[in-house]
1. Looking at region 278-291, which of its residues are crowded, with 21+ Cβ neighbours inside 10 Å, among the hydrophobic types (A, V, I, L, M, F, W, C) and modelled with pLDDT under 90?
2. I'm trying to understand the selection: among the residues of region 321-331, which are outside any strand (DSSP E or B) and in contact (Cβ under 8 Å) with a residue 40 or more places away in the chain?
3. So the check is Cβ under 9 Å with 6+ separation or different chains; which pairs have a first residue in region 299-317 that's closer than 15 Å to Thr363 by Cα and a second one that's among the charged types (D, E, K, R) and in a loop (DSSP other than H, G, I, E, B)?
4. For region 202-281, which fully contained strands (runs of 3 or more DSSP E) count at least 2 residues that are β-branched (Val, Ile, Thr)?
5. Quick check on region 369-387. Is at least one of its residues buried (at least 23 other Cβ atoms within 10 Å of the Cβ), in contact with a Phe, Trp or Tyr (Cβ under 6 Å, 6 or more places away or on another chain) and either touching a residue at least 60 places away in the same chain (Cβ under 8 Å) or assigned to a helix (DSSP H, G or I) (or both)?
6. Please pick out the residue among Val240, Val277 that is under 27 Å from Arg384 (Cα atoms), among the β-branched types (Val, Ile, Thr) and within 19 Å of the chain's Cα centre (by Cα).
7. In region 425-448, what count of residues is obtained for those that are in a strand (DSSP E or B) and more than 25 Å from the chain's Cα centre (by Cα)?
8. All but one of (1) touching a residue at least 60 places away in the same chain (Cβ under 8 Å); (2) within 24 Å of the chain's Cα centre (by Cα) hold for Glu452; state the number of the condition that does not hold.
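The values are calculated or read from the model by the stated rules, or taken from the named source; none is laboratory data. All values derive from a computational prediction rather than experimental measurement. A quick note on method: Cβ atoms are made from the backbone with ideal geometry, for glycine too, and the neighbour counts reach across all protein chains shown.
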Amino acid sequence: MKRGIFAVIVLLACAVFLKIESAQADGALFIERPGWGTPWITSGRQVYYDSQQGIEGLPVKYHRVKVKIDNGVAITSVDQVFKNEYDVDVEGVYIFPLPEDAAITDFSVYVDGKKISGEILDKEAARRTYEDMVRKMKDPALLEYVGRNMFRARVSGIPKHGEKRIELSYQQIINYDQGMYTYIYPLDTERFSPKPLEEVVVSTAITSALPIKSVYSPSHKVDTVIKEKEAVSTYEERNVTPNKNFILHYSVSEKDIGMNVLCYRRNNEEGYFMMLVSPGQLEGRTIDKDIVFVLDTSGSMNGEKIAQAKDALKFCINNLHKGDRFNIISFATSISNYNNGLLKASSDNTQQASEFIDHFQATGGTNINEAILAALKIFDDLRRPRMIVFLTDGEATEGVTEIKEIIKNVSSANTRGVRVFVFGVGKEVNTHLLDKMSEVNRGASEYILPQENIEAKISSFYRKVSEPVISDITIDFGGISTIEVYPQTLPDIFKGSQLILLGRYKNSGAATITLSGYVNEKKKTFTYSSNFPKYEDKNDFIPRLWAMRKIGYLMSEIRFTKENKKMIEEVEKISKDYGVITPYTSFFIPEQDAVFANNASFGAAYSSKGGTVWGVSESLSLGLGGMYNGAYESRDSYSRGLDKGMAIDHAIHVAKLKGSEQALGFGADTVRHIGSKTFHLREDGYWVDAEFKEGTKFKEIKYLSSDYLALLKNKPLLDPLLGRYLALGKNMILVLGGQAYKISE
């Protein structure tokens, strides 16, 4: 590689800096890109090399991160393998933007079994070269990198079609605030990899002097096991291009029920908050419950369905606790009770109940109304968790069949606060009825698709709700005025689970929060001190997570009220303001990004002005899997689509929105979330800040002009994420401190 070009790469290394507060950062390996020019003959074909073709990052084979956190001190170990897919040997520069408070403890580049030493680049030196670097590279992506200390190492001899492994470890003290620790690892820097990563793993092992109550990631789906003062959490994914930072919160507390509040608030706006309430993995604190199982044995359940349902019901019966009470109801055209009242979960009673289940046969119609009313009559006045687990595979065909009348009857009869959990089996169930019945009665609904195993699905659910810790919860926020809090009705908390509450707040200041509930038929009260700040720029994931939940509740009401116009308009507004895709929203995708349409979750709607407008599946935008395979050009066509057999998919998705725990974003390149801002790609190629209102006057600035560089230099004091905003592209409309800027190439 020519020395001059390598010097440019070093300038890049000097310039790069990840603009994330208190965040660790992963590394990238940059090389000069072999391009078209002087021919090289290798592997029997011509490969061209031209020093003017620029710089790129090498593809990443795997990216594995192991984190050990001991009482707030984190040691992060990064293991990456980069791939050289060219037909020529290359060399490059490995760069790693260091957190301000981090200390490198180990670094290894494996070259024929030997280690290459690294060096730290001075922050001021990086700043001096920054503007010159931006002018030379003319690449907006560089704009989010400037300033900080940097670890750098030259990596030579990366063989053609070979690999290069790099390991690095560093130590730092992570952020702690009011019982909550926060660890950040910015995986989004892996977008420099030109191809998806074959494997990404972030595993975290936590030890604490105080009991660990909750472990929560707002960014990624993690598997977590808590054992009092130790916890292990793992995120793993394959064939993925990470585009958001990995964030992990964990709370510690001596109290039986732990509670923490995270807030986000910008100037002159109502704030957002997220509350986590968790008992952790408390031993010996499970409270007794009453539960009635209601099973549909109508003719449509015949065959494999009834066999699996019977096995699932036996699993639940055999896993009752000694202090629990239960009963069983089977229903078709008529109702059959196992017993007139609640039975203790003794070995004799559960054995006899299993024999009762063996005699179930599928025949007759479906009398949902009478079955639920019969179950509600069984409960008495003891103040303990009360549940109905209801399973059906069809619509109401006997007795009362109108949805609103059934809901009214059940609500009137449920005078003891019984939770109703429903399972819909197959594609013929009435999702409107089941969803509304579970929502009104403080439960949840789940759907078992034809290819899914009934026994496995119900067994998994039952493990989650079999051990309640506290029931009939109420929360008082003291002097803080809260609005639009989700979930709207508080559920019971079960062992090993946590309640995540999202809402907005008006005033600010210190608050004493009171949580009340029943534990073993006795009311208990817990108090916590918290603070709702007037300004807080951390936790910028909270607004989008709140928006996802609000949209879920609105869409639930829209389904039940047959498309209320005002609600639809509200969904559309929230969708555009927060970048959450819904069936009522479409976004422009430029032709070069139309490859995204190959995803099963996309479907072409119509073409428009050199690009394509796509009706985008909600599931893709929220990372929930490909549940919709079609697109809708209008609200009416969307509604017709639901009438043609997509109601189950829609019901599943709305439920996930209402219970969202990860602030996930749109998967294609038309919507971007940076901090609290949402940007949309307009048909004319401009990225437009969602805060910008049409008709607002703006200041015009030319890309890379002196005014542009002055803006970049001065405005970070107003908004430290400015570099990341400008990294979106050369054409954009941006709002900073109430002033709008139009930046054009």
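1. Correct list: Ile287 only.
2. In the first step, residues of region 321-331 are kept if they are outside any strand (DSSP E or B); the result is 321-324.
Within region 321-331, His321 is the sole residue that qualifies.
3. From residues that are closer than 15 Å to Thr363 by Cα, the pairs are Ser300/Asp393; Ser300/Glu428; Met301/Asp393; Lys305/Asp393; Ala309/Asp393.
4. Values: elements: 212-216, 223-227, 230-240, 246-252, 258-264, 271-278.
Per the criteria, 212-216, 223-227, 230-240, 246-252.
5. yes
6. On the way: Val240 fails: under 27 Å from Arg384 (Cα atoms).
Step by step, each of Val240, Val277 is checked, and only Val277 is under 27 Å from Arg384 (Cα atoms), among the β-branched types (Val, Ile, Thr) and within 19 Å of the chain's Cα centre (by Cα).
7. Taking region 425-448 and keeping what is in a strand (DSSP E or B), we get 425, 444-448.
From what's left, more than 25 Å from the chain's Cα centre (by Cα): 425.
Of the residues in region 425-448, 1 are in a strand (DSSP E or B) and more than 25 Å from the chain's Cα centre (by Cα).
8. (1)
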